[in-house]
């Protein structure tokens with residue numbers, strides 16, 4: 001059992017000193033609205049802090065944070081609004097909330113959460129990832145990708161194939177890719193297993209001090225075209241990876257026949 005001690009981040013509002021920034025690690029959960037960031041943040045904290053009901057009204061609009069102690073390390077979990085919205089005003093407000101989290105705790109690990117439809121990563125999630133990554137370059141050792149809400153009866157090859165495809169789409173190699181099953185949220189054993197699995201990856205990742213190189217560049221009238229571009233790239237990558245896995249299987253079958 002992983003030791004935990006949780007405290008409320010709102011207990012102190014004073015500005016952190018440089019040493020405190022260095023000794024505290026942010027866990028910044030990024031991703032578009034509806035991908036399950038609030039749920040995963042609550043899993044990490046071990047209790048329900050952030051609202052995550054299945055409802056149009058449960059969307060996060062302001063950056064929220066909560067502190068928890070893991071063994072001797074102090075972490076701050078940031079639950080941040082999704083970047084892409086239907087109007088530019090909302091996108092601009094969301095940009096400010098993202099800046100706010102990085103300003104409060106620049107020394108951080110990034111947990112980027114992707115949603116899916118029938119197993120395929122949402123193209124808008126990839127667009128948002130690149131927009132944020134371009135402003136705050138992510139280092140591989142401090143980046144964890146999460147595929148959330150997957151059916152537990154998915155094909156055996158799904159995780160390996162999706163991991164390769166996702167890495168190609170985000171154009172960087174993360175410290176880990178975590179696949180999270182959709183399950184009964186009232187099952188404490190499954191919740192604890194998920195929490196432990198995520199924390200194992202957090203422990204081996206290396207925090208990075210994130211410095212904004214420029215503002216996040218994303219306009220609502222560009223989103224549709226950007227989605228088309230990443231969709232086209234996805235189709236090409238899927239075809240290439242399909243051929244790669246086909247050749248690999250053929251080679252493995254030939255080797256098996258030779259051995260027999």
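Read-outs throughout are calculated quantities, based only on the coordinates presented, and are distinct from any laboratory measurement. Predicted model only: the values in this text are computed from it and were never measured. Heads up, the Cβs are rebuilt from the backbone with ideal geometry, glycines too, and the neighbour counts pull from every protein chain shown.
Name every residue in the stretch 127-168 that is buried (at least 16 other Cβ atoms within 10 Å of the Cβ), in a helix (DSSP H, G or I) and touching a strand residue (DSSP E or B) at 6+ places or on another chain (Cβ under 7 Å), in order of residue number.
The answer is 129, 132, 142, 162, 163, 166.
Scan the stretch 95-107 and tell me whether some residue there is in contact (Cβ under 8 Å) with a residue 24 or more places away in the chain, within 14 Å of the chain's Cα centre (by Cα) and in a loop (DSSP other than H, G, I, E, B).
no
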